[in-house]
1. Tell me whether segment 195-213 contains one or more residues that are out of contact with any helix residue (DSSP H, G or I) (no Cβ under 6 Å at 6 or more places or on another chain), farther than 15 Å from Pro240 by Cβ, small (Gly, Ala, Ser) and in a strand (DSSP E or B).
2. Tally the residues that are modelled with pLDDT of 95 or more, in contact with a strand residue (DSSP E or B) (Cβ under 7 Å, 6 or more places away or on another chain) and not aliphatic (A, V, I, L, M), restricting the search to segment 189-217.
3. Can you tell me how many residues within segment 143-163 are touching a strand residue (DSSP E or B) at 6+ places or on another chain (Cβ under 6 Å) and buried (at least 19 other Cβ atoms within 10 Å of the Cβ)?
4. Being surrounded by fewer than 16 Cβ atoms within 10 Å (Cβ to Cβ) and either under 15 Å from the mean Cα position of the chain (by Cα) or within 18 Å of Ala203 (Cβ to Cβ) (or both) is the filter here; which residues of segment 171-183 pass it?
5. Kindly evaluate Ile260 against the criterion of being among the β-branched types (Val, Ile, Thr) and closer than 21 Å to Met130 by Cβ.
6. Does Pro191 satisfy the criteria of being more than 20 Å from Thr259 (Cβ to Cβ) and either in contact with a helix residue (DSSP H, G or I) (Cβ under 8 Å, 6 or more places away or on another chain) or surrounded by fewer than 22 Cβ atoms within 10 Å (Cβ to Cβ) (or both)?
7. I'm trying to understand the selection: among the residues of segment 47-64, which are surrounded by 20 or more Cβ atoms within 10 Å (Cβ to Cβ) and out of contact with any Cys (no Cβ under 9 Å at 6 or more places or on another chain)?
8. Quick one: which residue in Pro191, Pro169, Pro163 is part of a loop (DSSP other than H, G, I, E, B) and within 28 Å of Asp72 (Cα to Cα)?
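The values are calculated or read from the model by the stated rules, or taken from the named source; none is laboratory data. Note that the coordinates shown come from a computational prediction; the quantities given were computed from them, not determined experimentally. Cβ: placed from backbone, ideal geometry, glycine included. Neighbour counts: every protein chain shown.
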Amino acid sequence: MSPKCFVIALLPLGLPVQAAENWHYLDNGEVRLGVNLNAGACIGWFSRSGSKDNLLNAYDVGRYVQQSYYGDEDGSDWNGKPWRYNPVQGGSWKNAPAEVVETKAEATSFYAKTKPRHWATGAFTPECVMEEWLRLDGGLARLKFKMTYTGTQEHKPRHQELPALFVTPKLDTLVFVDVEKRLTRQQPGFPNEYFKVGEPWCAWIDQNGQGLGLFMPHTTQITCYRVRNGNKGDCSYLAPIQTFALKPGLVFEYEVVLTIGSLEELRAVFAKLK
């Protein structure tokens, strides 16, 4: 897939603002996870409990930790660029929010079912239903995602973001173990860069070696970039990816884990999760 299919959230300033935020938080005394119910119940907050330092980036509805899938070109247009079938959990590029149709909340867990919108057109895509199960487990946020596609069109195979993860730009160094088992640090530019990983995790860290880690046992490839224009649109991004086609009857599920700490702490946690 062309790298442009992963730049869904680089909005020019001056676009319509998104709907008033409506946050629901999970907090177990170790970490705090927040979802915005007015952005498809997407995850837009992750921090240590009691901290005001959110490590995620929720600049627009495309920037949340969320599901987003790609199909064939369909004549749609995103900000003057030809686009494709692209249901997004948070909503459209003009910040029209997706519709949350069901939720279930407990003290440290949360479930939501969402009717996404086409990123370019803003139309609802009811043939693509997205669900999530979120749970705090000590210092971990365990995230399970599910997509059910009931459309009649069989699309061509595309790279799929599983999930999209945007973090604060101060987390500027991407760390992972490459296929030769070497600990690797990268500061990717723009547009997308692609890497193969030799262990099922990656992390964004700051200059002090502290940051956010993602455990991703379902894939060995990531795409990533950084934007540094000196404004609110700056971010660091990555997505674990697989290549598959949206086709009638497809049900796709996967699980990832988020955690916070030093690089050494993150690696120790991921070693236990293998």
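1. For segment 195-213, residues out of contact with any helix residue (DSSP H, G or I) (no Cβ under 6 Å at 6 or more places or on another chain), farther than 15 Å from Pro240 by Cβ, small (Gly, Ala, Ser) and in a strand (DSSP E or B): present.
2. Of the residues in segment 189-217, 15 are modelled with pLDDT of 95 or more, in contact with a strand residue (DSSP E or B) (Cβ under 7 Å, 6 or more places away or on another chain) and not aliphatic (A, V, I, L, M).
3. Final tally of qualifying residues: 9.
4. Asp178, Val179, Lys181, Arg182, Leu183
5. No; evaluated as a whole, the condition is false for this residue.
6. yes
7. Leu55, Leu56, Asp60, Gly62 - these are the residues of segment 47-64 that are surrounded by 20 or more Cβ atoms within 10 Å (Cβ to Cβ) and out of contact with any Cys (no Cβ under 9 Å at 6 or more places or on another chain).
8. Pro191
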